[in-house]
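S.K.: Quick one: the structure is below, questions incoming.
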Amino acid sequence: MVKLVETTDEILLADTARGFLDRAAPIAHLRGLRDAGQVGDDALWGEMVAMGWAGVLVPEAQGGSDMGHAAAGILAREMGRTLATSPFLSTAVIAATALRQGVDSRSGDRLNQIASGQLRYAIALDETSKFAPTMAEMQARRDGNGFRLSGTKRFVVDGAQADRLLVLARTDDGLTVFDLPAGRAGITRHVTPAIDSRDVARIDLADVAATGDDVLGKVGDAMAVLAPAFQAGQAALAAELSGLTSGVFGMTVGYLKERKQFGVPIGAFQTLQHRAAHLWCETEITAAAVLNAGRLLDTTPDQAELAVSLAKARATATAQLAVQEGVQMHGGIGMTDAFDMGFFMKRARVAAEWLGDYGYHAAIVARHRGF
Amino acid sequence: MAQDLEQLRTHWRAWLETNCPDEMRDGPASEADICWGGANWQFASEAQEVWLRRCASVGITVPTWPKEYGGAGLTRDEEKILHQEMKRINARTPLQSFGIWMLGPALLAFGSDAQKQEILPPIARGEIRWCQGYSEPGAGSDLAGVQTRADDCGDHWVVNGQKIWTSYADKADWIFALVRTDRDAPKHKGISFVLIDMHSTGVSTRPIQLISGASPFCETFFDNVQVPKTQVVGQINRGWDVAKYLLTHEREMISAGGALMGGGRALGAVLADSETGNSDPILRADAMRAEIDGLAFGLTLERYKDQVEAGGSVGDASAMLKYAGTELNKRRQELIMGAEGSAALEWEAGLPGSWLRSKANSIEGGTSEVMLGIIAKRILGLPG
């Protein structure tokens, strides 16, 4: 039976992650990278790999720890709390889940390399400004025994640092996923740092050659591989957003207690108390949805779609409320670059769009609920 | 463990299949169709009576209470299995009762052995209907401000005063009430929790007509009512401890009820069945948001139940459940009225009653503002 409480192991995992991230990747770390014009930190990812985080969804036979989606969510949540930047979601969650769908010797090797930190992945998916995987137009036209891919992918998260790309393209038989090395001839990456200072790239494919060996799963059956991978990513991203929310909320409540106006802490004002209390209620309710999504992906993944969309929608909305209230309650200082609040607000906006926004997921919930 | 639970599932599935009358495999058609029990209870149907008796005979009107007090002695895990199996055949809750939701848990925690043995089994069997005497005119959310007084007369108390918003007092057999037993003590310290027979000389009630046209609430008056001292629960002057404990259960009950009101149907299905609801884009979008929030709230209730079962406690977070659950129900009821349009505007439609009734959700059992205050001060630690 699914239990919506964390196990002793999960609490330990969260504590360990929190201790590490507070030391190695506080928000100041992200600020430092931004100021230096960098979008990633190989050393930080290396430490995460050493702790087994890269293998969280990799089977033990392929060298992973296979801790499951609830555990991946806990790691993502803790990373969200300090806005730690890493290719965790793209590589360890999304790509690993995609590669697990029918492991053969090639995907098995790659899972091994993900777990050991030798491979970083990105998902080259969107062509328009909204997440709409089944609408991909990029053509992979037949060329002898192989394919030729041309077109542009936008909003490729972790795309600049990735060693390999999962590219979604349209073949004569339907949508197909290609697992390509990022350095293959014809691939050009444009680093276009997003507002949250993290790795987002635009990727051009100009007559890129691919063979049947480059196809992940079956030709024309991309969603068999990608649907579980998206759900894994969406659930983990929802967890990241819930961590982000608790990070903002902690800052805001701390400020309410310490900032004085009219001779009293502003947290004594009922208006602000009630708004803070409402926000806390929203965070609690979202936490249940996030944990439930991870649990269902671990126990009954074929029935997890509703739970995952519920979690992503709720987490998106709650994070949005938390950053808006965070800035407002901090007053002018909340708007300054010197203060960390803006980093939360920008990350929340990017995460809201990635892998489906509120409306995208609300529509999925609605479909399940008879609308 | 898991295997035992599966055996239990098989057991309850077979028991329910044999014992749940067909008429009880559907939600109540109206308020009048809900079984509340009590000394003067008139069953709405033979099936309702049969269902209550059968459930009470195996302790599942109160599944987690000890067997000696009329329960089935189930763990929360086992209770969950039972509820899943009941839900599977849409079996109706056999008995609704303030005795089950509020007084029972308080007695299990604070009552004497004699009180538990005497009072709990009739609650489990649906024989005695209880009401709650907390609120008073002028007290409102400031519950510890109660003025109803109990004067010490040796072996008994004499109670004088007035309660208000006493739900179903006109139909109840007994009342559990907060009375002031020490007027000199600080206001939280001079209150006792007493049980009073509604048939005692000097007790009278008067229903309060509400905007919904119904009157679940009453005013209740005590005029020199004699109450034996054995009918105090917990220590004299320490009734606030009992009251607080009970309020936690009340908030959980109201919030769970909030999510279930309106039949607990998916809003999508409600809209789809309405004449125009599904084609109105604003209504549809609002309903989708409410559906998302409602589902997440349901999971929050599950999460808190699991926490309690794992040895934790809900504590002050019950204020969140109460606040979020009741606000959510108000949203639901507004959306349902909107979806039904002019068809919902006739009293006969039944809907306006639920809609208007829901407006009291965020007032009764502590207002939404009081709940937010509890969260701000006790959970977030914001300054007083």
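S.K.: For segment B:77-114, give me each residue that is outside any helix (DSSP H, G or I) and out of contact with any Phe, Trp or Tyr (no Cβ under 6 Å at 6 or more places or on another chain).
M.R.: B:I89, B:N90, B:A91, B:R92, B:T93, B:L95, B:S97, B:G111, B:S112
S.K.: Which residues, taken from segment B:260-305, are in contact (Cβ under 8 Å) with a residue 60 or more places away in the chain and open to solvent by less than 30 Å² (accessible area, probe 1.4 Å)?
M.R.: Correct list: B:L267, B:V270, B:L271, B:S274, B:G277.
S.K.: May I pose another question? Which residues, counting only those in segment A:103-124, are under 23 Å from A:S86 (Cα atoms), touching a residue at least 60 places away in the same chain (Cβ under 8 Å) and either not polar (S, T, N, Q) or not in a loop (DSSP other than H, G, I, E, B) (or both)?
M.R.: Here is the first cut: in segment A:103-124, the ones under 23 Å from A:S86 (Cα atoms) are A:107-124.
Now drop any that are not touching a residue at least 60 places away in the same chain (Cβ under 8 Å), which leaves A:107, A:110, A:114-117, A:120, A:122-124.
Matches in segment A:103-124: A:S107, A:R110, A:I114, A:A115, A:G117, A:R120, A:A122, A:I123, A:A124.
S.K.: Also: Which pairs have Cβ atoms under 9 Å, sit 6 or more apart or on different chains, and link a residue in segment A:19-30 that is among the aromatic types (F, W, Y) to one that is open to solvent by 20 Å² or more (accessible area, probe 1.4 Å) and not in a helix (DSSP H, G or I)?
M.R.: Listed pairs, sorted by first residue: A:F20/A:M51.
S.K.: Output the number of the condition that A:L57 fails; it satisfies all remaining conditions of (1) in a helix (DSSP H, G or I); (2) more than 14 Å from chain B (Cβ to nearest Cβ).
M.R.: Failed condition: (1).
S.K.: Report, by residue number, each residue of segment A:296-316 that is over 16 Å from the mean Cα position of the chain (by Cα) and within 16 Å of B:L295 (Cα to Cα).
M.R.: A:L296, A:Q303, A:A304, A:E305, A:L306, A:A307
S.K.: Now for a separate question. Kindly provide the set of residues from segment A:170-198 that are open to solvent by 10 Å² or more (accessible area, probe 1.4 Å), closer than 25 Å to A:L33 by Cβ and out of contact with any strand residue (DSSP E or B) (no Cβ under 8 Å at 6 or more places or on another chain), ordered by number.
M.R.: Once the filter is applied, which keeps residues that are open to solvent by 10 Å² or more (accessible area, probe 1.4 Å), closer than 25 Å to A:L33 by Cβ and out of contact with any strand residue (DSSP E or B) (no Cβ under 8 Å at 6 or more places or on another chain), segment A:170-198 yields A:G183, A:I195, A:S197.
S.K.: A further question on this structure: Let me spell it out: the conditions are (1) open to solvent by 40 Å² or more (accessible area, probe 1.4 Å); (2) facing chain B (nearest Cβ under 10 Å); (3) under 20 Å from A:A348 (Cα atoms), and A:F269 meets all of them except one. Which number is the exception?
M.R.: The one condition A:F269 does not meet is (3).
S.K.: Out of segment B:170-226, which residues are in contact with a Leu (Cβ under 9 Å, 6 or more places away or on another chain) and assigned to a strand (DSSP E or B)?
M.R.: B:W174, B:I175, B:F176, B:A177, B:L178, B:I191, B:S192, B:F193, B:V194, B:L195, B:F217
S.K.: Quick check, is A:V49 touching a Gly at 6+ places or on another chain (Cβ under 7 Å) and in a helix (DSSP H, G or I)?
M.R.: yes
S.K.: Inside segment A:158-202, counting only strands (runs of 3 or more DSSP E) that do not spill past its ends, which hold 3 or more residues that are over 22 Å from A:D104 (Cα atoms) and more than 16 Å from the chain's Cα centre (by Cα)? Quick ask: steps written out before the conclusion?
M.R.: Values: elements: A:164-171, A:174-181, A:187-191.
Ranges flagged: A:187-191.
S.K.: If you don't mind, another one. Looking at (1) more than 30 Å from B:R76 (Cα to Cα); (2) open to solvent by less than 20 Å² (accessible area, probe 1.4 Å), which one does B:A317 not meet, given that it meets all the others?
M.R.: If we test B:A317 against (1) more than 30 Å from B:R76 (Cα to Cα); (2) open to solvent by less than 20 Å² (accessible area, probe 1.4 Å), just (1) comes out false.
S.K.: Which of the residues belonging to segment B:329-342 are open to solvent by 20 Å² or more (accessible area, probe 1.4 Å) and either within 16 Å of A:W280 (Cα to Cα) or out of contact with any Ser or Thr (no Cβ under 8 Å at 6 or more places or on another chain) (or both)? Break it down stepwise before answering.
M.R.: Of segment B:329-342, the ones open to solvent by 20 Å² or more (accessible area, probe 1.4 Å) are B:330-332, B:334, B:337-338, B:340-342.
Answer for segment B:329-342, where residues must be open to solvent by 20 Å² or more (accessible area, probe 1.4 Å) and either within 16 Å of A:W280 (Cα to Cα) or out of contact with any Ser or Thr (no Cβ under 8 Å at 6 or more places or on another chain) (or both): B:R331, B:E334, B:M337, B:G338, B:S342.
Rundown of residues vs (1) over 27 Å from B:E302 (Cβ atoms); (2) of a type outside the set (D, E, K, R); (3) part of a helix (DSSP H, G or I); (4) in contact with a Cys (Cβ under 9 Å, 6 or more places away or on another chain), yes/no style:
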residue	(1), (2), (3), (4)
B:S342	yes, yes, yes, no
B:E348	yes, no, yes, no
B:S354	no, yes, yes, no
B:A360	no, yes, no, no
B:G366	no, yes, no, no
B:V370	no, yes, yes, no
B:R378	no, no, yes, no
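S.K.: Only residues in segment A:54-81 that are closer than 19 Å to A:P301 by Cα count as the first member; pair them with residues that are modelled with pLDDT under 95 and aromatic (F, W, Y), Cβ under 6 angstrom, at least 6 apart or cross-chain, and list the lot.
M.R.: Pairs that qualify, where the first residue is closer than 19 Å to A:P301 by Cα and the partner is modelled with pLDDT under 95 and aromatic (F, W, Y): there are none.
S.K.: Would you call A:T7 surrounded by 12 or more Cβ atoms within 10 Å (Cβ to Cβ), free of Cβ contacts under 8 Å to residues at least 60 places away in the same chain and within 14 Å of chain B (Cβ to nearest Cβ)? Outline the logic, then answer.
M.R.: On the way: surrounded by 12 or more Cβ atoms within 10 Å (Cβ to Cβ): yes; free of Cβ contacts under 8 Å to residues at least 60 places away in the same chain: yes; within 14 Å of chain B (Cβ to nearest Cβ): yes.
For A:T7, the condition - surrounded by 12 or more Cβ atoms within 10 Å (Cβ to Cβ), free of Cβ contacts under 8 Å to residues at least 60 places away in the same chain and within 14 Å of chain B (Cβ to nearest Cβ) - is met.
S.K.: Let me ask something else. Can you tell me which residue among A:L244, A:L256 is of a type in the set (A, V, I, L, M), crowded, with 21+ Cβ neighbours inside 10 Å, in a helix (DSSP H, G or I) and at the interface with chain B (Cβ under 9 Å from one of its Cβ atoms)?
M.R.: Of A:L244, A:L256, the one residue that is of a type in the set (A, V, I, L, M), crowded, with 21+ Cβ neighbours inside 10 Å, in a helix (DSSP H, G or I) and at the interface with chain B (Cβ under 9 Å from one of its Cβ atoms) is A:L256.
S.K.: OK, next. Among the residues that make up segment B:24-33, is at least one of them polar (S, T, N, Q) and open to solvent by 70 Å² or more (accessible area, probe 1.4 Å)? Steps first, answer last, please.
M.R.: Of all residues in segment B:24-33, those polar (S, T, N, Q) come to B:30.
Right, trim to open to solvent by 70 Å² or more (accessible area, probe 1.4 Å) and you get none.
No: zero hits.
S.K.: Ok, one more. Hey, does segment B:287-306 have a residue that's at the interface with chain A (Cβ under 7 Å from one of its Cβ atoms), outside any helix (DSSP H, G or I) and of a type outside the set (D, E, K, R)?
M.R.: No, the conditions are met nowhere in segment B:287-306.
S.K.: Taking into account only those residues within segment B:65-102 that are hydroxyl-bearing (S, T, Y) and touching a residue at least 60 places away in the same chain (Cβ under 8 Å), which is farthest from B:I119 (Cα to Cα)?
M.R.: Result: B:T75.
S.K.: Just one of B:R76, B:R9, B:R88, B:R53 is within 14 Å of another protein chain (Cβ to nearest Cβ), surrounded by fewer than 16 Cβ atoms within 10 Å (Cβ to Cβ) and of a type in the set (K, R); which is it?
M.R.: So the residue among B:R76, B:R9, B:R88, B:R53 that is within 14 Å of another protein chain (Cβ to nearest Cβ), surrounded by fewer than 16 Cβ atoms within 10 Å (Cβ to Cβ) and of a type in the set (K, R) is B:R76.
S.K.: Kindly establish whether A:R347 is assigned to a helix (DSSP H, G or I), more than 10 Å from chain B (Cβ to nearest Cβ), crowded, with 23+ Cβ neighbours inside 10 Å and charged (D, E, K, R). Steps first, answer last, please.
M.R.: Details: assigned to a helix (DSSP H, G or I): yes; more than 10 Å from chain B (Cβ to nearest Cβ): yes; crowded, with 23+ Cβ neighbours inside 10 Å: yes; charged (D, E, K, R): yes.
Spelling it out, A:R347 is indeed assigned to a helix (DSSP H, G or I), more than 10 Å from chain B (Cβ to nearest Cβ), crowded, with 23+ Cβ neighbours inside 10 Å and charged (D, E, K, R).
S.K.: Tell me the residue from A:L226, A:L321, A:L237, A:L279 that is facing chain B (nearest Cβ under 10 Å), of a type outside the set (G, A, S) and either open to solvent by 20 Å² or more (accessible area, probe 1.4 Å) or part of a helix (DSSP H, G or I) (or both), please.
M.R.: Going through A:L226, A:L321, A:L237, A:L279 in turn, just one is facing chain B (nearest Cβ under 10 Å), of a type outside the set (G, A, S) and either open to solvent by 20 Å² or more (accessible area, probe 1.4 Å) or part of a helix (DSSP H, G or I) (or both): A:L279.
S.K.: Test B:L107 against the criterion of being buried (at least 19 other Cβ atoms within 10 Å of the Cβ) and modelled with pLDDT under 90, and give yes or no.
M.R.: When the stated conditions are applied, B:L107 does not pass them.
S.K.: Condition check: surrounded by 16 or more Cβ atoms within 10 Å (Cβ to Cβ) and farther than 14 Å from B:P383 by Cα. Does A:D302 satisfy that?
M.R.: No: the conditions fail for A:D302.
S.K.: Same structure again: Report whether or not B:A39 is open to solvent by 20 Å² or more (accessible area, probe 1.4 Å), touching a residue at least 24 places away in the same chain (Cβ under 8 Å) and not in a helix (DSSP H, G or I).
M.R.: On the way: open to solvent by 20 Å² or more (accessible area, probe 1.4 Å): yes; touching a residue at least 24 places away in the same chain (Cβ under 8 Å): yes; not in a helix (DSSP H, G or I): yes.
Yes: the conditions hold for B:A39.
The values are calculated or read from the model by the stated rules, or taken from the named source; none is laboratory data. Nothing here was measured: the structure is a model prediction, and the numbers come from that model. We place every Cβ from the backbone using ideal geometry, glycine too, and count neighbours over all the protein chains shown. Ligands, DNA and RNA are excluded from the accessible area calculation, which covers all protein heavy atoms including side chains. Shrake-Rupley method; radii C 1.70, N 1.55, O 1.52, S 1.80 Å.
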